[in-house]
Amino acid sequence: MRILITGGAGCLGSNLIEHWLPQGHDIFVIDNFATGNREVVPEVDGLTVKEGSVADPALVDDCFNAFKPDVVVHAAAAYKDPDDWLEDSRTNVIGSIHVARAAKLHEVKRLINYQTALCYGRPQQLPIPASHPTAPFTSYGITKTAGEQFMLMSGVPTLSLRIANVTGPRLAIGPIPTFYKRLKAGQNCFCSDTSRDFLDMSDFLAFMDLAIKADAPTGVFNISTGEAHSIKEIFDIVSDFLGLKAIEVPVVPPAADDVPVVSLDATETYDAFGWKAKIGFVDTVRRQLVWYDQYGISDVFSHLKQKFDSK
Ligand SMILES: NC(=O)c1ccc[n+]([C@@H]2O[C@H](COP(=O)([O-])OP(=O)(O)OC[C@H]3O[C@@H](n4cnc5c(N)ncnc54)[C@H](O)[C@@H]3O)[C@@H](O)[C@H]2O)c1
């Protein structure tokens, strides 16, 4: 299959490449390296990389024209500065429009869009079903939701995935890398009094193998475990993993731009795809920590405004 991945140098995109290249798929990446890493998309057979932004319509069109993809995975997203509404809009709204239009023009068979659980805003029900109304309230959530709507109305068979917190190689966002990096450096931490749904990369990749099949369902689905686990539980697993005993850590109320509990109901995904997460929560976190021990850790990004001080 010929698969074009926007944002292919990011965490999810690069894991897809490592997973799919050995299966014999041809892959084309568009990435501006805003949060992705050039080194994870080396020049190897079957992989073409174009540096540039999905917000550039001529670049997007040229790439589709040259590569003629069967399937597009739209993973490019801007989120690293929550106050940079314009960049979020350029990438997540305008960029998504360019990708959707090019997919339509070049008769792409399937468009797979990655969506954040922040599209649901503060949920009225837990775990959140995919039919829950969208009510985003951050720049990232608002712009990703607008982009998703354009993709869904593009006329291209579109599968939009509302994805839980996926852990795996090169994860550089969220509490696991943050606690690992800070605790190892002897720095202070706090836990936001929030809970999230964590999904292991191997489960995510198993789903993506089903998602690119020609006869796979389209529409909107949650990709998740359906379980909520607190940030404090993660802190405890990380400190235990690092051999640090009985560390006191402040648990602080969620920030204004945060959501207390997110867990996504994947029952409909199971019914439609026969897919279900297999790796449990503690193993998911520990597998991530083993990876950091082996390969190290890069800069940690956040789409939230509440950040640590430098101590
Ligand atoms: N990782 C998760 O747990 C998770 C959960 C929910 C949704 N998502 C969504 O999945 C997608 C991938 O997330 P990720 O965790 O791999 O993030 P990531 O930051 O590692 O990857 C995003 C990639 O997009 C690239 N990019 C940013 N702006 C671009 C632009 N204008 N043009 C081209 N490339 C651009 C970045 O350089 C990066 O390589 C995003 O759309 C994100 O919203 C991820």
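Below, the figures for the structure above:
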| item | result |
| --- | --- |
| Alpha-carbon centroid distance for the pair region 57-104 / region 233-268, whole angstrom | 32 |
| Quotient of C-alpha Rg and 2.2 N^0.38 Å, computed over region 56-104 | 1.22 |
| Cβ-based exposure ranking for Glu43, Glu248, Glu18, Glu87, in which fewest neighbours within 10 Å come first | Glu248, Glu43, Glu18, Glu87 |
| Dipole of region 218-287 [Lys/Arg +1, Asp/Glu -1 at C-beta], most positive-end residue of Leu242, Ala255, Phe221 | Leu242 |
| Where labels lie 7 Å past Cα in the beta-carbon direction, separation of Lys184 and Asp236 in nm | 2.4 |
| Rg to Rh quotient for region 140-182, alpha carbon positions, Kirkwood Rh | 1.16 |
| Phi to ³J(HN,Hα) by Karplus 6.51 cos²θ - 1.76 cosθ + 1.60 over region 236-246, Hz, x for Gly, Pro | 5, 5, 5, 5, 5, 4, 7, x, 9, 9, 6 |
| With 5 Å bins from 0: P(r) over region 150-306, alpha-carbon pairs, percent | 2, 8, 17, 19, 18, 15, 10, 6, 3, 1, 0, 0 |
| Cα-centre dipole for region 154-288 with unit charges at Cβ (Lys and Arg positive, Asp and Glu negative), debye to 20 | 560 |
| Given charges at beta-carbon only (K, R positive; D, E negative), |dipole| of the chain in Debye | 160 |
| Value of Rg to Rh for the chain (Rh from inverse mean 1/r over Cα pairs, i.e. Kirkwood) | 0.95 |
| Residue among Val40, Tyr79, Pro22 farthest towards the positive dipole end of region 1-106, charges placed on Cβ | Pro22 |
| For the chain, with +1 on Lys and Arg beta carbons and -1 on Asp and Glu, the positive-most of His132, Ser192, Val166 along the dipole | Ser192 |
| CD proxy at 222 nm, helix term only [per DSSP H run n ≥ 4: -39500 (n - 2.57); per residue of the chain; nearest 500] | -10000 deg cm²/dmol |
| Mean Cα-pair separation over length for the chain, i.e. relative contact order, pairs under 8 Å, 6 or more apart, % | 18 |
| Residues Asp88, Asp200, Asp70 arranged by fewest to most Cβ contacts within 10 Å | Asp70, Asp200, Asp88 |
| J(HN,Hα) series, region 178-189, from Karplus relation 6.51 cos²θ - 1.76 cosθ + 1.60, nearest Hz, glycine and proline x | 5, 5, 4, 5, 6, 5, 5, 8, x, 8, 6, 9 |
| For region 46-159, size of Cβ-based charge dipole, Lys and Arg +1, Asp and Glu -1, in debye | 420 |
| Proxy reagent accessibility, fewest Cβ within 10 Å first, across Lys181, Lys276 | Lys276, Lys181 |
| Cα gyration tensor category, rounded, prolate or oblate, for region 5-86 with a/c compared to 1.5 | oblate |
| Cα centroid separation - region 6-47 against region 176-195, whole Å | 29 |
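Read-outs throughout are calculated quantities, based only on the coordinates presented, and are distinct from any laboratory measurement. Since we're looking at a predicted model, the values are computed, not measured. Ideal geometry is used to build each Cβ from the backbone, glycine not excepted, and the neighbour counts take in all protein chains shown.
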